[in-house]
Amino acid sequence: MLRHNAWRGVLVGATLAGLTAFGSGAATAAQADATPCHIDGYVCMTTNDIYTPTVYVADGDDYTFLRPTEVTTISNDTSKLYCVDAEYNISVDPGETVTIPHTVTSLGPTSGGCLS
């Protein structure tokens, strides 16, 4: 049977191991979020949503979030101008990457501009 001090050492060691594992995982996730995604023919959005961290929208398609979602990066690797419905509407030109966080409800291709 382990003595009281031995149990304390086991618990402290397990706690430190758990915190170390959590800390390294969090750093990896933060690094992944900072890197914009690029796939030819798609608009790619990186979000802060744990269930859908990355959204890909095919060239010419619309996309609507189920609820307003914070998007940290939008990369438009299509041939079309996209309008993003956010706290204020923004447009994302073909080949452009926007890295300023926005609370987005939807986006879609447009031939004109975006209405404010």
Handout entry: Extension reserve of the T52-K80 stretch, reckoned as 0.36 nm per residue once the Cα distance is removed
Key = 7.7 nm
Problem - Residue-span extension gain [E87 to E70] - 0.36 nm each, minus C-alpha spacing - result: 5.1 nm
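Every read-out reported here was derived from the displayed coordinates using simple, explicitly stated rules and does not represent laboratory data. Model, not experiment: these values are computed from the prediction.
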